[in-house]
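Structure first, then comments.
The values are calculated or read from the model by the stated rules, or taken from the named source; none is laboratory data. The model shown is predicted, which means the values in this text are computed figures rather than measured ones. FYI the Cβ positions are ideal-geometry reconstructions off the backbone, even for glycines, and counts take in every protein chain you see.
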Amino acid sequence: MRKKLSILYRFLASHRRDCAFLFLLLLTLISLQRVSSIPKTNFLNIRALNVTEVLPEPPHDTSSKEKDIFFLKEAMSTRTKQQVVRAEEASTDSVFDFEKAIGSDFNEKNLPETAALFKKVTRDAKVAIVAAKDIFQRKRPFTWRDANGALAKNGYAYPSGHTTRAFLWETLLVDLFPDKAGEIKQEARQKAWNRVLLGRHYPDDVYGGEIYGRYLAQEFFKNPRFQEEWKKIHEEVDDFKKKNPTAFVELPPSAPSPASTSVLDKAPSL
C-alpha cells in the first residue's frame, strides 16, 4: 500500500502543473455547465436577482413551523366544497383569470399583444421561481401527498410559484388598470390563499410568493426592452377602451375574501 501511495505521490509531483491545469479546466467546465443550464429569459437576469436579500428565510425554528402547520390545518379543516372546487379550477392559472377583477373584456382575443407579452413574462417568472426554490429547498407540506397525477410531482415549496405569478401579474395589471386596483389585489390574494386551502403550500410559502412576485415586477419595470414593449401594451389597452367605451366596466360577483388569519395580512417587506 505504501509503495502504491509513493508511486502516486511521485506521479502527482512530476505532473503538478498538468494536474493543476486539469483541475482548473474541470472547475471551468462545471461552471459553464451551471450557467448553460439556466434557461434563456426575455427580460430578467436570473443571476442578478437578489433572492436571499429580498426573501426572508422560511420558518426554521419549532415555534414558527408549528404556527405554519396550524394555519394550514385550520384553513383545510374550515374550507367548503365550493372553495375546493374553485381553488382546483384556478390551479391551471393564467393572467386572464383576472377578468374576474377587470371585466370580461380582458381576454386574449381583445388584447393579443398583451397576451403575447404576458406569455414572455410568465416564462421568465417560471425560471426565477425555480431559482428561488432551489436556494431554499423547503419541502412541501404533508398534505401535498393528497395531490394526484401531475400535481404530485416533486418540487420545493418556498416561495409558492402560483402566488409569485399572482402578485407579479397583480403589480403589472394595477399599472394598466389603476381604477381596478382594489379588485385586482383581492383576486391575487384569493389565488394565493387557494394554495393553502388545497394543502399545496404552507401559509409562509404564499407570503414569500407575495414578496417575490412584487419584487420580480419591479425587476421587469427596470428592463429597457420591457419598458418599450410595456408602452405598446398601454397603447393597446387605451385603444381598445376608446373603441369600446363600456369596456372593463361590468364585473361578476366578487369571490369571498381569503381567511382573515392568513399570513397574507402581514405587511409586505417591499
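Which of the following residues is at negative phi, surrounded by 13 or more Cβ atoms within 10 Å (Cβ to Cβ) and modelled with pLDDT of 95 or more: Tyr212, Tyr202? Before you say what the answer is, go through the steps one by one.
Values: Tyr202 fails: modelled with pLDDT of 95 or more.
Selected residue: Tyr212, the only one of Tyr212, Tyr202 that is at negative phi, surrounded by 13 or more Cβ atoms within 10 Å (Cβ to Cβ) and modelled with pLDDT of 95 or more.
Looking at this structure, is Lys119 surrounded by 15 or more Cβ atoms within 10 Å (Cβ to Cβ), free of Cβ contacts under 8 Å to residues at least 60 places away in the same chain and not acidic (Asp, Glu)? Steps first, answer last, please.
On the way: surrounded by 15 or more Cβ atoms within 10 Å (Cβ to Cβ): no; free of Cβ contacts under 8 Å to residues at least 60 places away in the same chain: yes; not acidic (Asp, Glu): yes.
Spelling it out, it is not the case that Lys119 is surrounded by 15 or more Cβ atoms within 10 Å (Cβ to Cβ), free of Cβ contacts under 8 Å to residues at least 60 places away in the same chain and not acidic (Asp, Glu).
Confirm whether Arg165 is in a helix (DSSP H, G or I) and modelled with pLDDT under 95.
Details: in a helix (DSSP H, G or I): yes; modelled with pLDDT under 95: no.
No.
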Query raised in the report: With respect to the numbered conditions (1) in contact (Cβ under 8 Å) with a residue 12 or more places away in the chain; (2) under 21 Å from the mean Cα position of the chain (by Cα), which one is the sole condition not fulfilled by Met76?
Result: (2)
